[in-house]
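So the structure is just underneath, and the comments pick up after that.
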Amino acid sequence: MKNIEVKNINGEDNILFIPEGVCCQQMFLKVKDDIIQDAKFFGGCNGNLQGICHLIIGHNVDEISQKLNGICCGAKQTSCPDQLSKCIEAYKDVKTNTLAETK
């Protein structure tokens with residue numbers, strides 16, 4: 001996918017995602033064993049994105065994706081939380097495809 005890059009460094013998946021249709025310009029996640037270890041957002045509503053970071057760290061990616069999927073921001077058809085959900089789904093696709101290629 002063109003808007004996601006995943007690199008495994010020391011057993012953690014480092015994910016860089018470029019969201020679409022929102023103020024946030026980049027999302028960065030560290031994931032180990034499907035648990036979010038760290039999160040940073042660049043651009044967008046600083047306070048809200050800091051809050052999201054604090055809330056998602058330590059939680060399972062599937063749980064977070066499920067809770068945030070479909071949230072809209074004003075008249076937009078998406079939001080930063082929804083784009084985070086899309087980031088996680090894209091990450092899972094990359095991870096699945098990578099595993100399939102190594103078999």
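The values are calculated or read from the model by the stated rules, or taken from the named source; none is laboratory data. Fair warning: this is a prediction, and the values are worked out from it, not measured in the lab. For neighbour counting, all protein chains shown are included, and Cβ atoms are generated from backbone atoms with ideal geometry for every residue, glycine included.
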Those residues of region 22-47 which are closer than 16 Å to Val94 by Cβ and among the basic types (Lys, Arg) amount to Lys30, Lys32
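Out of all the residues in region 2-18, which are part of a strand (DSSP E or B) and closer than 17 Å to Ser79 by Cα?
Step one: list which residues in region 2-18 are part of a strand (DSSP E or B), which gives 4-9, 12-17.
Within region 2-18, just Phe17 meets the criteria.
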Among (1) touching a His at 6+ places or on another chain (Cβ under 7 Å); (2) over 13 Å from Cys87 (Cβ atoms), Asn10 falls short only on (1)
Turns out the helices (runs of 4 or more DSSP H) fully within region 19-103 with at least 3 residues that are under 19 Å from Val6 (Cα atoms), modelled with pLDDT of 95 or more and within 10 Å of the chain's Cα centre (by Cα) are 61-68, 80-102
Within region 16-39, of all residues that are in contact (Cβ under 8 Å) with a residue 24 or more places away in the chain and of a type in the set (D, E, K, R), the one farthest from Glu63 (Cα to Cα) is Glu20
Log entry, pairs with first residue in region 1-15 being modelled with pLDDT of 95 or more, second being of a type in the set (Gly, Ala, Ser), beta carbons closer than 6 Å, six or more apart or on different chains, reads Ile4/Ala90
Taking region 50-62 and keeping residues closer than 13 Å to Glu89 by Cβ and surrounded by 13 or more Cβ atoms within 10 Å (Cβ to Cβ) leaves Val61
